[in-house]
Amino acid sequence: MNHFLDIHQTAPTNLRFMIDQARRMKDARDGKPKGAPDETQPLAGRMVALIFEKPSTRTRVSFDVGVRQMGGQTMILSGKEMQLGHGESIADTARVLSRYVDLIMLRTFEEATLHEMAEHATVPVINGLTDTSHPCQIMADVLTYEQHRGSVAGRKFVWSGDGNNVCTSWLHAAGQFGFDLTFTGPETLDPNPKAVEFARSKGSKVTITRDPLAAARGADAIVTDTWVSMHDPESARERRHNQLRGYQVNGAMMAQGKPDALFMHCLPAHRNEEASSEVMDGPQSVIFDESENRLHAQKAILRWCLGV
Ligand code: CP
């Protein structure tokens, strides 16, 4: 049984296996209606619980569709409506759910909640986002980059804005897949130092600079995310906007990257805040491919977790 909790906790050979399998599975679906079953049905007879303690569009729909395409069934649970949201312990919830379902995907707040679920579940647990990381997203993003431009190894990725949970998973991926990452943003929103240390310990060059145009120079891809994350207080909004205005990914910033640099964003986006609509809808943008690839990457993650 394999949990998929974080990219830095998963061996590079396993990560590569999942990316390559995702690509094969995506190719095999070419031209099929979305609801058509995959040729092989590796999840036949399997039940998957999808638990959300935070809002979601992409994660919810892509996991649900992916499980169904592979012949399995899903149940989507809201944390608030479960006893989990009314005092039942995470450990007891994990033990109970493990008697009913074959796999648990959890989107939650604290990283500790995810780890407690995994510790007490007797079925695999997948991290569907915590305040600390978002590994499924970055697996989809690696798949997306590689489909457009080939191997991520040795490339220069630039993260502009808030060093948030998505940025942390990019840093984990830099270490595991062997690319470099330049962060540009205000000092108060610097990336997680442990994630920076992890990437550097694996040989990745991690650069931190306050100058967005210098950061973008020679980039293979420029990546950003919303300025206010789901776990940030609403009161932070105005201050964040003032701090981050200079880090918007726009035409001037993209012009500093390589001519074939990609623009990436996990979505949802606040248009003309962290990125201009011109860039989001421009020829270098692959944002909707990233969303689609959540489906394919997660199907490979599900199979790896279940060993099927
Ligand atoms: N990128 C992402 O995780 O999207 P959702 O919040 O819509 O699931």
Everything considered on the Cα gyration tensor (a ≥ b ≥ c; rounded for a/c under 1.5, else prolate if a/b is larger than b/c, else oblate), the range 148-269 must be described as oblate
Comparing ASN242, ASN192, ASN127 in a Gaussian network model of the chain (Cα, 10 Å), the one with the largest mean-square fluctuation is ASN242
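Looking at the square roots a ≥ b ≥ c of the eigenvalues of the Cα gyration tensor of the chain, which shape do they give, rounded for a/c under 1.5, prolate if a/b is larger than b/c, or oblate?
Prolate is the answer for the chain, as a/c is 1.5 or above and a/b outweighs b/c.
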Extension length gain for ASN14 and GLU187 (0.36 nm per residue less Cα distance), in nm, is 58.9 nm
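Which shape class applies to the range 12-162: rounded if a/c is under 1.5, otherwise prolate when a/b exceeds b/c and oblate if not, where a ≥ b ≥ c are the square roots of the Cα gyration tensor eigenvalues? All intermediate terms of the calculation are to be shown ahead of the outcome.
Working: a/c = 2.06, a/b = 1.32, b/c = 1.57.
Verdict is oblate for the range 12-162.
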Pairs over 31 Å Cα to Cα, from LYS54/LYS194; LYS156/LYS194; LYS80/LYS156; LYS34/LYS194; LYS80/LYS299, come to LYS80/LYS156; LYS34/LYS194
Highest GNM mean-square fluctuation among ALA173, ALA91, ALA49, for the chain with Cα springs under 10 Å, belongs to ALA91
Note to self: C-alpha centroids of the range 260-308 and the range 38-57 sit apart, in Å, by 20
Measuring from its Cα centre, the chain shows a charge dipole (+1 at each Lys and Arg Cβ, -1 at each Asp and Glu Cβ) which, in debye to the nearest 20, is 640
With +1 on the Cβ of every Lys and Arg and -1 on the Cβ of every Asp and Glu, the dipole magnitude of the range 145-281 about its Cα centre, in debye rounded to the nearest 20, is 400
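On full extension of the chain, what length is gained from HIS231 through ALA28, given 0.36 nm per residue of separation minus the C-alpha to C-alpha distance?
Numbers: separation 203, 0.36 × 203 = 73.08 nm, distance 3.73 nm.
Roughly 69.3 nm would be gained on extension.
On full extension of the chain, what length is gained from ALA44 through GLU81, given 0.36 nm per residue of separation minus the C-alpha to C-alpha distance?
Details: separation 37, 0.36 × 37 = 13.32 nm, distance 2.78 nm.
In short, 10.5 nm is gained.
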Once both label points are put 7 Å beyond Cα along the C-beta direction, the MET1-HIS241 separation in nm becomes 4.7
Ordered by number, the GluC sites (Glu not before Pro) in the range 81-120 that occupy a DSSP loop and have at most 15 other Cβ atoms within 10 Å are GLU88, GLU110
Computed for the range 69-127: size of charge dipole around the Cα centre, +1 on C-beta of each Lys and Arg, -1 on C-beta of each Asp and Glu, debye to nearest 20, value 200
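None of the figures in this text is laboratory data; all of them are computed from the coordinates on show. Note that the structure is a prediction, hence the values are computed from the model and not measured. Counting neighbours? That spans all protein chains shown, and the Cβs are built from the backbone with ideal geometry, glycine included.
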